[in-house]
């Protein structure tokens with residue numbers, strides 16, 4: 001697993017299994033989904049990010065990846 005800065009989305013998204021957005025980038029979710037329709041995009045909620053609800057985030061990620 002690797003993570004990248006938001007300025008690398010265009011460069012790395014086609015190689016990604018998943019695009020995970022922090023709450024500050026959540027506004028761009030629909031645009032990114034349109035640009036990379038084959039790659040699941042998850043925007044972490046402010047609440048889950050703020051309380052570090054890793055179990056919920058990982059469960060969501062695994063659910064999406066298992067569908068592919």
- Query: Kirkwood hydrodynamic radius of the chain from all distinct Cα pairs, in Å?
  - Reply: 12.4 Å
- What nm distance separates the two modelled labels at residue 42 and residue 11, each placed 7 Å from Cα along Cα→Cβ? 2.5 nm
- Query: Helix 54-67 sits at what angle to the longest principal axis of the chain, using alpha carbons and giving 0 to 90 degrees rounded to 10?
  - Reply: 40 degrees
- Item | FRET efficiency for residue 24 and residue 1, using Cβ-Cβ distance with R0 set to 25 Å, rounded to 0.05 | 0.75
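Bear in mind these aren't lab numbers, they're just calculated from the coordinates by the rules spelled out. Keep in mind the model is a prediction, meaning the values are calculated, not measured. Ideal geometry is used to build each Cβ from the backbone, glycine not excepted, and the neighbour counts take in all protein chains shown.
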